[in-house]
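Below is one structure, written out as structure tokens; comments come after it.
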Amino acid sequence: MSKFVRPEFSLKTLTDNSYKSIEEGAYDAETYNLHMHDPISLKKRIVTCIHAPLITEIKFASPSKGRIIDNNKIDVIGLASTLVTSGSIGLSVVTQPYLFYGSIKYLAMIRKAVNVPLLMKDVIVSEMQMDAAKRVGSDCVLLIKSVFDQDLAEGSMEKFVEYASKKALQVIIEVHSEREFEEVLNFSESYRNNLIGINNRNLNDLKIDIHTTERLLRKHDKTKNIVISESGITTAKEIQFLKKAGADAFLIGTSIMESDDIASQVRRLYLSL
């Protein structure tokens, strides 16, 4: 088996891929009619969970790992159902075609099969992507702060948050650095009880440091915001560490997708608190 070679990569690689996907029609969602489903609150599912609030992620590949599982051979609906029955309080569905092999069609398929909040996980640069998210049945979208800080999107973060709100989509604002976290905390004075994702992965070099969440929460009071720790989480001990640091929920993808027994892995993590 040939060794996976990581491609030349930067945050702009991700945003360029989003624009390319938009141009190629990857977010054309006119054939879907799931936007009328009653929204399911990810916030509520997190704060009412009596165990570890897990948002498990369905993704088939990543820039750091290459192909994880073959999307052409996997039973996507069966996988989603297994994740939910094993303890996931929400599902993150990666919809970016390039580098991730995602598609909005997977989210639409999953929406019909499960009754948990669905996060459309993508590199959002256009309102068109949020239109697609709503139409295929998403309850939540992710906005990466550094994308807006580098002017790589078609508008400001404030504009996109407002647009998502009009669509009745909850928003996770993703940060990585201390500066980003501090700015989002200040921003959230106008948007109480925000969902803030702290990505333990640096999107410029793809390196992971599980202590990123702990460092940011140690330096800044999250107030009433709900913090989701993302990336690099593999064990119950890591969840316990992150919970003690102040994280409220945990987004876990690769370590679950790579597991030989996905159901057992989710149950172990779900019952870790």
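The values are calculated or read from the model by the stated rules, or taken from the named source; none is laboratory data. Only a predicted model underlies this, so the values are computations on that prediction, with no experimental measurement involved. Neighbour counts are summed over all protein chains in view; Cβ atoms, including those assigned to glycine, are modelled from backbone coordinates with ideal geometry.
At-a-glance table
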quantity: Failed item in (1) more than 22 Å from Asp16 (Cβ to Cβ); (2) part of a loop (DSSP other than H, G, I, E, B), with Leu79 passing the rest; calculated: (2)
quantity: Every residue from region 99-129 that is acidic (Asp, Glu) and in contact (Cβ under 8 Å) with a residue 40 or more places away in the chain; calculated: Asp122
quantity: Boolean, Gly137 is touching a helix residue (DSSP H, G or I) at 6+ places or on another chain (Cβ under 9 Å), within 22 Å of Ser177 (Cα to Cα) and small (Gly, Ala, Ser); calculated: no
quantity: Every residue from region 242-253 that is surrounded by fewer than 20 Cβ atoms within 10 Å (Cβ to Cβ) and either assigned to a helix (DSSP H, G or I) or in contact (Cβ under 8 Å) with a residue 40 or more places away in the chain (or both); calculated: Lys243, Lys244, Ala245, Asp248
quantity: Single unsatisfied condition, Gly102 versus (1) in contact with a helix residue (DSSP H, G or I) (Cβ under 7 Å, 6 or more places away or on another chain); (2) surrounded by 24 or more Cβ atoms within 10 Å (Cβ to Cβ); calculated: (1)
quantity: Filtered residues of region 189-241 (kept if among the polar types (S, T, N, Q), part of a helix (DSSP H, G or I) and under 19 Å from the mean Cα position of the chain (by Cα)); calculated: Thr212, Thr213
quantity: Test: residue in region 106-122 that is surrounded by fewer than 24 Cβ atoms within 10 Å (Cβ to Cβ), under 28 Å from Lys20 (Cβ atoms), among the acidic types (Asp, Glu) and at pLDDT 95 or above; calculated: no
quantity: Test result for Ala52, more than 15 Å from the chain's Cα centre (by Cα) and closer than 20 Å to Val227 by Cβ; calculated: yes
quantity: First in region 145-170 and over 19 Å from Ser92 (Cβ atoms) and in contact (Cβ under 8 Å) with a residue 40 or more places away in the chain, second anywhere and outside any helix (DSSP H, G or I) and not small (Gly, Ala, Ser), Cβ under 6 Å, 6 or more apart; calculated: Ala153/Val125
quantity: Candidates Ser41, Ser92, Ser86, filtered to the one that is of a type outside the set (Asp, Glu), loosely packed, with under 15 Cβ neighbours inside 10 Å, closer than 30 Å to Lys244 by Cβ and at pLDDT 95 or above; calculated: Ser41
quantity: Residue list for region 43-76, filter: part of a loop (DSSP other than H, G, I, E, B) and without any contact (Cβ under 8 Å) to a residue 40 or more places away in the chain; calculated: Thr48, Ile50, Asp70, Asn71, Asn72, Lys73, Ile74, Asp75
quantity: Val184 vs. criteria of a type in the set (A, V, I, L, M), on the phi < 0 side of the Ramachandran plot and part of a helix (DSSP H, G or I); calculated: yes
quantity: Condition met for Ser264 (at pLDDT below 95 and more than 23 Å from Phe181 (Cβ to Cβ)); calculated: no
quantity: In region 164-179, residue surrounded by the most Cβ atoms within 10 Å (Cβ to Cβ) [restricted to those that are more than 19 Å from Gln150 (Cβ to Cβ) and among the small types (Gly, Ala, Ser)]; calculated: Ala164
